[in-house]
Structures are given as C-alpha cells and as structure tokens.
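The values are calculated or read from the model by the stated rules, or taken from the named source; none is laboratory data. Every value quoted in this text rests on a predicted model; they were computed, and no experiment measured them. As a convention, Cβ positions derive from the backbone with ideal geometry for all residues, glycine included, and neighbour counts pool all protein chains shown.
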Amino acid sequence: MFYHHKYLLCFLLFVSQWGFAICQDNRAYDIACLRTHYAKPTAQWQPPTIDEGVNWTELAPITHTPAPSTPLTELGKSLFFEKALSSNQTIACVSCHDPDHAFADPRTVSLGVFDRQGKRNSQSLSYLGLDAPTSHGFFWDGRANTLDEQVLIPLTDPNEMDITLDSVPTRLVSAGYLPKFQAVFGEHLADIDISQVAHALTTYLHTLTPTPTRFDDFLNGDPTALTDTEILGLHLFRTKARCMNCHFGQALTDNQFHNLNQTLAGRKWQDFGRYANTDNPSDFGKFKTPSLRNLSVSKPWFHHGLFVNLRGVVAIYNRGMPLPPTKDAPPIAHEDHLDPLIKPLGLSADEMDALTAFLMTL
C-alpha cells in the first residue's frame, strides 16, 4: 500500500531529490494527512517541485463565467461553423475542433477537404478564454504570432480548407453574411474585410472555457470531490512527477515550447516542430505545451495523436521519454535536444496509477 495511519501527526520531510515531501515516510503516504493538507486554501499548500527558472503559478479552479453573447461573438461562432469557407464547402473550423471533445479532434490527425490528411492532431481550443500565461506563438510549432493570424492560416492550407484569403469576402457575401457584418461593423459597410473575419473568429474563441470538473469542485472547497487515490495523484503531480514545471495555473499549461523526444525522427510521422519554421537548432523537436483541461475527452494526445492510453503516457514520462532516432534520421536528430525539464521520475506502479487517476479528474 502507498499509505498508512501509524503516525498521529503530519510531518514535513525534506528530500533533496524531490523537494518537500509532506505526509510521507520513505515510500509510504499518509492519505489522511494529505487530505488535511490539500483541504487548505491553495495559498497554504507546500510549494510544488519546480526547476530553477520556471515562472509558475498555483493551480486554480475554472471561475470564468460565460461571456454574454454579443453580435460580434455570434458572428464569430457562425464563421467557426461555416463550411462555405472551404473549397468544397464540406469543412469548417469546427470539423477539426469539436465542442464535444474540448474543441479538439478525436482523430489521430485531422482531415481537410476531400479527406486530405494533415500531419498533426488538432489541439484543444477550450482554454483560450482562460487567464492563461502569455503565449508567444500559436499552433503546435508556434508559427503564428497572434491568434488573429492563426485563425486565417487553416483557410489557405491545402490540406485543410484550401481557399485563398481574397476569396473569403465573396464566399461570405454569397452565403448571406453581409447583413451580419453590417450589424457588427456598421451599416455603411460595403464589403467584408478579412481583418473583420479574423477579429470575429478570435473574439468567439476567447469566449471558450473548459467544462468544470470534480477537480474544480475540490479547489472550490469540496474535500469529498476527489478519492484517496486522486488526492495522492494530485500530490504526485505537484511533487515527484514534476508535472507543474509545464502544467500550472488555471489553464494547466505554460504556453511554452519543449522538446519531449517525440519528433519520431526517421519514422513515418517524423516532425521536427518549431525547427521546421525557424531553422534554429535550439528549436529542434519543440512543440507547444497543451492544456490538460478536459484531457479525457481531448484525446488522442501529443502533436502526432498516437497516444490514446493515459497510463501509457505517464509510463513514458516516468522513464524520461526515451525514444532514440532511427539510423535513417538526419544528423541533427542524433544530437541531444531533450528538454532539461524531462527526467526519469522513479514512480512506482501504484504511484503511476494514482497520477493517472488524478489526471482524469482534470
């Protein structure tokens, strides 16, 4: 068992490898003690295990209330669902960002017009309405500097919607959108401008928030919302598993880019991340940290969408993400680019089970 009740008092034990280990004696955890500790306001929790230089914030519940509907947000929502913005009028933004899957894609990789296959899984968008850390790039590889820029790129991608930006106003006028744009941008509007399209879409995306879960109930003061195993998983998430180096705050992402040794160099799904755009060796294999919010419905996971077993994901993190490139990989792939935040964790099988159980509450 991971825990026992032999000790009458909760105690703190400093362990140099992991930082503060509360309610723990060697490998045994006192769950009653952990419950007492995590029932306190988050400001009174022991600091998590964080590497030097990581600018983290404490875990926080979903408190954002849905923004009231406005003509601008309704216009953006209509555009998000509009299939006229694809070359064969069968694909819309929602085709790859399904509201039932945390605005992510349940397929391994997304399909565009004429079932053209992309090379990446579509990230969840549901965290965009949260108070997330400042992002310096959008998409898995950060190739769009702003959200206004990001929402237009899929329109011209031949494997996604496959149209030109010049054709967007005509397509929307033909679909009856001019009165809707006039209602938002003024009756004097004679034609639709692509910047208005981007603004409407971005405004709608900023209204999206994850579905609150039992973990939010726990953070909001319900000590019964998590099971004993999930409480232990929360503790491991903050300490021995080192998760809060990249997943923290309300959105559970640092919005940064890291190499997790998932380029699959020399394999079918080879993808070098930011390096393909910047040609900077320091960007090799770096992909954006996804939000962990609603992750149980946003699977498959990672940019390649090849992971569907969360316990398996925890297991490869536990091993330090070992995945050597094949002999056919380019020379740069044989260099060590693994992010220094990734280290073998030494979690036991029971600890991995507990961490997985907690992750499912997110």
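Looking only at the stretch 271-284, filter to residues that are within 17 Å of Gly118 (Cβ to Cβ) and at pLDDT 95 or above; which one of those is surrounded by the most Cβ atoms within 10 Å (Cβ to Cβ)? Can you show your working first?
Filtering the stretch 271-284 down to residues within 17 Å of Gly118 (Cβ to Cβ) leaves 271-273, 276-277.
Remaining after also requiring at pLDDT 95 or above: 271-273.
On the way: Asp271: 19, Phe272: 23, Gly273: 25.
The extreme case among them is Gly273.
Might you check whether a residue that is over 23 Å from Met352 (Cβ atoms), surrounded by 18 or more Cβ atoms within 10 Å (Cβ to Cβ) and under 22 Å from the mean Cα position of the chain (by Cα) occurs anywhere in the stretch 230-238?
From the stretch 230-238, those over 23 Å from Met352 (Cβ atoms) are none; that's our starting set.
No, every residue in the stretch 230-238 fails to be over 23 Å from Met352 (Cβ atoms), surrounded by 18 or more Cβ atoms within 10 Å (Cβ to Cβ) and under 22 Å from the mean Cα position of the chain (by Cα).
Within the group Ser126, Ser135, which residue is out of contact with any Gly (no Cβ under 9 Å at 6 or more places or on another chain), within 24 Å of Ala67 (Cβ to Cβ), modelled with pLDDT under 95 and of a type in the set (Ser, Thr, Tyr)? Working first, answer last.
Details: Ser135 fails: out of contact with any Gly (no Cβ under 9 Å at 6 or more places or on another chain).
Of the residues listed, the single one that is out of contact with any Gly (no Cβ under 9 Å at 6 or more places or on another chain), within 24 Å of Ala67 (Cβ to Cβ), modelled with pLDDT under 95 and of a type in the set (Ser, Thr, Tyr) is Ser126.
Filter the stretch 329-353 down to the residues that are part of a helix (DSSP H, G or I), at pLDDT 95 or above and small (Gly, Ala, Ser) and list them by number.
Ala349 - this is the single residue of the stretch 329-353 that is part of a helix (DSSP H, G or I), at pLDDT 95 or above and small (Gly, Ala, Ser).
What pairs come out if I take residues in the stretch 51-62 that are assigned by TED's automatic domain parsing to the domain that holds His247 and assigned to a loop (DSSP other than H, G, I, E, B) and pair them with residues that are among the charged types (D, E, K, R) and modelled with pLDDT of 95 or more whose C-beta lies under 9 Å away, six or more apart or interchain?
none
Tally the residues that are crowded, with 16+ Cβ neighbours inside 10 Å and in contact with a helix residue (DSSP H, G or I) (Cβ under 9 Å, 6 or more places away or on another chain), restricting the search to the stretch 216-229. Full working, then the answer.
From the stretch 216-229, those crowded, with 16+ Cβ neighbours inside 10 Å are 216-219, 225-226, 228-229; that's our starting set.
When the remaining residues are screened for being in contact with a helix residue (DSSP H, G or I) (Cβ under 9 Å, 6 or more places away or on another chain), the result is 218-219, 225-226, 228-229.
The qualifying residues number 6.
Could you list, in sequence order, the residues of the stretch 273-329 that are free of Cβ contacts under 8 Å to residues at least 60 places away in the same chain, out of contact with any helix residue (DSSP H, G or I) (no Cβ under 8 Å at 6 or more places or on another chain) and over 25 Å from Gly346 (Cβ atoms)?
If the condition is that a residue be free of Cβ contacts under 8 Å to residues at least 60 places away in the same chain, out of contact with any helix residue (DSSP H, G or I) (no Cβ under 8 Å at 6 or more places or on another chain) and over 25 Å from Gly346 (Cβ atoms), then Thr278, Asp279, Asn280, Ser282, Val308 are the ones that fit.
Filter the stretch 271-285 for residues that are on the phi < 0 side of the Ramachandran plot and part of a loop (DSSP other than H, G, I, E, B); which is farthest from the chain's Cα centre (by Cα)?
Taking the stretch 271-285 and keeping what is on the phi < 0 side of the Ramachandran plot, we get 271-272, 274-278, 280-284.
Imposing the further condition that a residue be part of a loop (DSSP other than H, G, I, E, B) reduces the set to 271-272, 274, 280, 284.
Working: Asp271: 18, Phe272: 19, Arg274: 17, Asn280: 24, Phe284: 20 Å.
Selected residue: Asn280.
Which members of the stretch 252-270 meet the condition of being touching a His at 6+ places or on another chain (Cβ under 9 Å) and crowded, with 18+ Cβ neighbours inside 10 Å?
Initially, the stretch 252-270 is screened for residues touching a His at 6+ places or on another chain (Cβ under 9 Å), giving 253-257, 259, 261-265, 269.
Within the stretch 252-270, Thr253, Asp254, Asn255, Gln256, Phe257, Asn259, Asn261, Gln262, Thr263, Leu264, Ala265 qualify.
So if I check each of Thr209, Thr213, which one is crowded, with 16+ Cβ neighbours inside 10 Å, in contact with a Lys or Arg (Cβ under 9 Å, 6 or more places away or on another chain), of a type in the set (S, T, N, Q) and at pLDDT below 95?
On the way: Thr213 fails: at pLDDT below 95.
After applying the criteria, what remains is Thr209.
Scan the stretch 160-200 residue by residue and report those that are of a type outside the set (Lys, Arg), under 25 Å from Arg116 (Cα atoms) and buried (at least 17 other Cβ atoms within 10 Å of the Cβ).
Correct list: Glu160, Met161, Asp162, Ile163, Val168, Pro169, Leu172, Val197, Ala198.
Taking the conditions exactly as written (among the charged types (D, E, K, R) and farther than 30 Å from Ala60 by Cα), does Glu187 satisfy them or not? So that I can check it myself, show each step before the final result.
On the way: among the charged types (D, E, K, R): yes; farther than 30 Å from Ala60 by Cα: yes.
Yes.
Taking the stretch 152-180, which residues are part of a loop (DSSP other than H, G, I, E, B) and without any contact (Cβ under 8 Å) to a residue 12 or more places away in the chain?
Step one: list which residues in the stretch 152-180 are part of a loop (DSSP other than H, G, I, E, B), which gives 152, 157-164, 175-177.
Those that are part of a loop (DSSP other than H, G, I, E, B) and without any contact (Cβ under 8 Å) to a residue 12 or more places away in the chain: Thr164, Gly176.
Scan (1) within 21 Å of the chain's Cα centre (by Cα); (2) modelled with pLDDT under 95 for the single condition Pro324 breaks and write down its number.
Tallying (1) within 21 Å of the chain's Cα centre (by Cα); (2) modelled with pLDDT under 95, Pro324 fails exactly one: (1).
Just the residues that are within 21 Å of Ser291 (Cβ to Cβ) and either crowded, with 16+ Cβ neighbours inside 10 Å or modelled with pLDDT of 95 or more (or both), please, taken from the stretch 58-72.
Our first condition is that a residue be within 21 Å of Ser291 (Cβ to Cβ); within the stretch 58-72, this holds for 58-67.
Of everything in the stretch 58-72, those that are within 21 Å of Ser291 (Cβ to Cβ) and either crowded, with 16+ Cβ neighbours inside 10 Å or modelled with pLDDT of 95 or more (or both) turn out to be Glu58, Leu59, Ala60, Pro61, Ile62.
Could you run through the stretch 260-305 and say how many residues are among the β-branched types (Val, Ile, Thr) and more than 28 Å from Gln250 (Cα to Cα)?
Keep residues of the stretch 260-305 that are among the β-branched types (Val, Ile, Thr), which gives 263, 278, 289, 297.
Those still in the list that are more than 28 Å from Gln250 (Cα to Cα) too: 263, 278.
Final tally of qualifying residues: 2.
Which one of the conditions (1) crowded, with 17+ Cβ neighbours inside 10 Å; (2) over 19 Å from the mean Cα position of the chain (by Cα); (3) not aromatic (Phe, Trp, Tyr) does Ala102 fail to meet, given that it meets all the rest?
Failed condition: (2).
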